[in-house]
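Visitor: Take this structure, written in structure tokens, and hold onto it; I'll ask about it next.
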Amino acid sequence: MAVKIKLKRLGKIRSPHYRIVVADSRTRRDGRAIEEIGKYHPTYNPSVIEVDAERVAYWLGVGAQPTEPVMAILKKTGDWQKFKGEPAPAPLLTQPEKPARPSFEAIGGDDEGKGEAITQKKKAEKKDEAAESASTEA
């Protein structure tokens, strides 16, 4: 029996979540799995990758073949390099949290108005003048 480490898709139509599973190569993508060894959430910012390194090392050691997407994930986490005996990659970068926006008062804003906003009503005045001139002509 050929064993593969592959992704099992979960979630709604536009919000996929994946489980990294060990399964028979003949089973379908979301079919029965032998073991679940990790999670991958690509839609989160930054994306979430959780892998049980001990179980990955075991399954790679007994001959399980990772699919291309799983191999890319394992290379990012460093488990593939550890299995091959290569130097570990740079640690994954996490996005720093955005600082909270300063409040209006902290910026120095005050609640005093700068004056009234007055707009001239030119159209109404023209109508009134037209009405007056029409009444004087009659």
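All of the numbers you see were taken from the coordinates with simple rules; none came from a lab. All figures in this text were calculated on a predicted structure; none of them were measured in a lab. Note: ideal-geometry Cβ built from the backbone for every residue, glycine included; neighbour counts use all protein chains shown.
Visitor: Under 5 Å between amide hydrogens, which residues at least 5 positions from GLN65 or on another chain qualify, with H placed 1.01 Å from N in the peptide plane?
Guide: Residues meeting the amide H criterion: VAL3, LYS4, ILE5.
Visitor: Here's another thing I want to ask about it. Given 0.36 nm per residue, what is the gain on full extension from ARG101 to GLN81 after removing their alpha carbon distance, in nm?
Guide: 3.1 nm
Visitor: For segment 3-84, what size does the Cα cloud have along each of its three principal axes, sorted from largest down, in whole Å?
Guide: So the extents along the principal axes, rounded to whole Å, are 35, 29, 18.
Visitor: While we're looking at this one, here's another question. Where in segment 48-67 is the amide nitrogen less than 19 Å from a point lying 7 Å along the Cα-to-Cβ axis of ALA2?
Guide: 59-67
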